[in-house]
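The values are calculated or read from the model by the stated rules, or taken from the named source; none is laboratory data. Keep in mind that this is a model prediction, so the values were computed, not measured. Using ideal geometry, Cβ is built from the backbone for each residue, glycine included, and neighbour counts are taken over all protein chains shown. Areas reflect the complete protein model, heavy atoms only, side chains present, ligands, DNA and RNA absent. Shrake-Rupley method; radii C 1.70, N 1.55, O 1.52, S 1.80 Å.
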Amino acid sequence: MKLVGDYDLRELHRRVREANNITQFCEFMRQLDMEKLSDAYEEEKAHAPRPKQYFVGRAGKPTTSSEESNRREEHLAMALCNDFGEKGEVAHEEISELRFLDYQFPLKARRGDAGVGKVDLFGVIDDVHPCVVELKIDRESGLGDTPARALLEALAYCAIVEANIEQIAGEARETFGVNFSAKKPRLMILAPGSYWRGWKDKREAKDWRPVFLDLLKSIREHIGLHCHLAALHGCGLSMGDNNTKPGLRGAKCKLTSVRLDA
């Protein structure tokens with residue numbers, strides 16, 4: 001297996017096919033060099049785009065009708081931002097309060113910023129920690145992206161957010177009345193419970209869970225990023241259109257912690 005030589009964070013999750021291959025992502029994670037990954041994080045921070053504005057104002061609904069768009073991840077992000085915009089119910093071992101401030105959070109400073117996407121959800125944990133949320137869903141054709149790809153994609157976005165945290169914190173204070181005291185973001189991979197159950201039970205993925213947990217631990221030790229794994233339970237998604245905001249169905253929709261060691 002050959003990894004990307006320079007560990008470019010913008011390319012690692014997209015170009016190395018083993019990161020998103022069911023049978024290979026476990027070995028891919030095992031072979032990651034944490035010193036190189038840490039250096040790549042610092043390199044991304046040093047060359048991060050510098051947008052003029054982050055919170056540009058969202059309508060909370062798609063610009064196309066539900067018939068024209070089946071991008072369920074985007075609709076779920078909007079629904080979470082709509083419903084968790086004022087601290088939704090959380091039953092997470094490491095989090096007391098969670099609030100989503102924005103979806104499709106922009107990171108590009110100009111159209112030509114190659115390999116830079118948008119953060120699915122941007123939020124605040126316990127009124128202190130900015131949080132980069134990588135949202136995943138299981139798909140009718142399969143489980144969707146591997147946890148490894150989700151982690152690496154969020155890692156690249158965390159580096160860009162950290163590089164611009166002073167500006168982001170200032171805008172969050174003015175727009176939402178939120179005061180980030182933490183300068184380093186938290187990383188969260190959030191998915192429906194069915195996504196996590198599917199990967200836990202996927203035999204073809206081999207014994208990936210302890211390797212993934214070791215990787216999370218190494219990221220915290222080498223880069224200083226605290227990573228959360230979270231699942232949505234007790235709710236479904238109502239797709240939106242250009243007249244209707246997406247929403248969460250269910251009387252007991254809550255976010256819980258994910259235990260991969262259980």
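Descending by average beta-carbon neighbour count within 10 Å, the peptides 127-138, 236-247 line up as 127-138, 236-247, the highest first. Most simply put, the chain has about 65% antiparallel DSSP beta bridges, counting only bridges with both residues inside it. The portion of the accessible surface of the chain made up by carbon and sulfur, rounded to a whole percent, is 42 (1.4 Å probe; DNA, RNA and ligands excluded).
In this structure, the residue pairs whose Cα-Cα separation is over 27 Å, taken from LYS52/LYS183; LYS108/LYS183; LYS45/LYS136; LYS52/LYS217; LYS61/LYS183; LYS184/LYS206, are LYS52/LYS217; LYS61/LYS183; LYS184/LYS206. The simple Förster model, with R0 at 25 Å and r as the Cβ-Cβ distance, assigns GLU221 and ARG197 a FRET efficiency of 0.30. A simple spin-label model places pseudo-atoms 7 Å from Cα toward Cβ; at LYS254 and SER96 they are separated by 1.7 nm.
Since only THR146, HIS228, ALA205 are under comparison, the one whose Cα sits farthest along the positive direction of the charge dipole of the range 145-258, derived from C-beta charges on Lys, Arg, Asp and Glu, is ALA205.
Could you compute the FRET efficiency for GLN53 and SER181, with r as their C-beta to C-beta distance and R0 at 22 Å, rounded to 0.05? E(calc), rounded to 0.05, equals 0.45. Dipole magnitude for the chain: about 400 debye, using +1 per Lys or Arg Cβ and -1 per Asp or Glu Cβ, origin at the Cα centre. Normalising the average separation of contacting C-alpha pairs (under 8 angstrom, six or more residues apart) by the number of residues puts the relative contact order of the chain at 25 percent. Heavy-atom accessible area for LYS45, with the other protein chains in place and a 1.4 Å probe, reaches approximately 50 Å². Using a probe of 1.4 angstrom and keeping all protein chains present, the accessible surface of the range 93-169 works out to 34 square angstrom per residue. Placing unit charges on each Cβ (+1 for Lys and Arg, -1 for Asp and Glu) gives the chain a dipole about its Cα centre, and among ALA156, TRP196, ALA172 the Cα reaching farthest toward its positive end belongs to TRP196.
The Cys residues in the chain with no partner Cys Cβ within less than 4.7 Å of their Cβ are CYS26, CYS81, CYS131, CYS158, CYS227.
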